[in-house]
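What follows is one structure encoded as structure tokens, with my remarks underneath.
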Amino acid sequence: MWGKSKGSKKRELRIYFATDLHGSEVCFRKFLAAAKAYQADVIILGGDFAGKAIVPVLTENGVLRARVGGEDVTVPESEWGRLAGDIGRAGLYPVRMQADELDRLAGDEQALDRLFRSEIAAQMHPRVECPELELCDLGPVTMASLGVVPTTPWNTERECTEDELAKHIDAMLEQVPSGQPCILNLHCPPYASGLDDAPELDDTLKPVLRGGRPSIIPVGSHAVRDAIKRYQPVVGLHGHIHESRGVQKIGRTLCVNPGSDYSSGVLRGAVIDLASDGSCLDFLLTTG
């Protein structure tokens, strides 16, 4: 039965892992509550914590106006809480402002970027640590974390080439003492692992149809797969591809992608139990 000790080994560390919350306040609160709900010793949030954009909400004469999902929305000022919640569940940051402030931001990209980053920071819990490109001591295992992914059609600032990704991973893992068990918290899943299946897109970012059906292809990282095969960590924690929830083995490594359904307010995660020698005792995919 899941959660019971196996053989002579007893649980030393329980990890709760989730990823790709994209600014969802509902999912973030559920994530924080997971420590108690699942009796976890440590909770780990993979990449894509932040929301995707700011939604200006104009205040004028007791009325709030915003453009949400391509539609103009107008509500009484008394309904700010409901409007903000609806916007937040879509992974966006609602910000109240006057029309003149919106005009100023429209012509000042640096000011807009500062506002966006301040909204991200405001959502962070005071006790959250960000061990990006660092090693983190979790007791029986050492964790190496990297949130960047190989180049995508969207060309975001959190992307790099496969060669650069491989160098980042090697630079971290070369610091792990010989014989020390480790886990890899790498946002991108390994290529062709069953954890990286996504719709194929054409040059206009529209799904490719083959035989009347969407073409599904692997879009994970070759560098991540090579690192897992070479270093054989105990566990690989991944995300990025929301629809490719699952668990696979690559050699001795248990690779996990809990998936994401943040826009529905549903938190998908994984509980992983480790023994004192760093070995993996058990795992469970969760939905809550």
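The values are calculated or read from the model by the stated rules, or taken from the named source; none is laboratory data. Owing to the predicted nature of the structure, the values given are computational and were not obtained by experimental measurement. Note that we place each Cβ from the backbone using ideal geometry, even for glycine, and neighbour counts take in every protein chain shown. Side chains included, ligands, DNA and RNA excluded: accessible areas come from the protein's heavy atoms. Shrake-Rupley method; radii C 1.70, N 1.55, O 1.52, S 1.80 Å.
When +1 charges are put on Lys and Arg Cβ atoms and -1 charges on Asp and Glu Cβ atoms, the dipole computed for the chain relative to its Cα centre reaches about 1480 debye.
The angle between the Cα long axis of helix 162-173 and the longest principal axis of the Cα atoms of the chain comes to about 60 degrees, rounded to the nearest 10.
Each Cα pair under 8 Å and six or more residues apart adds its sequence gap; the mean of these over the residue count of the chain is a relative contact order of 22 percent. A crude spin-label estimate for the pair Leu209 and Lys167, with each label 7 Å from Cα along the Cβ direction, gives 4.4 nm. Here the stretch 84-193 is treated with +1 on each Lys and Arg Cβ and -1 on each Asp and Glu Cβ, and its dipole about the Cα centre works out to around 400 debye. How much of the DSSP beta bridge set in the chain is antiparallel, as a percent to the nearest 5? Given both bridge residues lie in the chain, the antiparallel proportion sits at roughly 60 percent.
Angle of helix 109-123 to the longest C-alpha principal axis of the chain, folded into 0 to 90 degrees and rounded to 10: 60°.
Residues in the stretch 132-288 average 47 Å² of solvent-accessible surface per residue, probe 1.4 Å, ligands and nucleic acids excluded.
With a Förster radius of 45 Å applied to the beta-carbon distance between Val75 and Ser8, the computed FRET efficiency rounds to 0.15. Rolled with a 1.4 Å probe across the full set of protein chains, the surface gives Asp197 an accessible area near 60 Å². Considering only Ala171, Thr74, Leu92, the residue lying farthest towards the positive end of the dipole of the chain is Ala171, judged by Cα position with unit charges set on Cβ. Computed from the Cβ-Cβ distance with R0 of 51 Å, the FRET efficiency linking Val266 to Ser178 stands at 0.75. For Asn61 and Ala192, the difference between the fully extended length at 0.36 nm per residue and the C-alpha to C-alpha distance is 41.6 nm.
Element breakdown for the stretch 113-186 at a 1.4 angstrom probe: carbon and sulfur atoms account for 51% of the accessible area.
Surface exposure of the stretch 6-93, expressed per residue as accessible area with a 1.4 Å probe, stands at 51 Å². For the chain, the longest principal axis of the alpha carbon atoms and the long axis of helix 80-89 meet at an angle near 40°.
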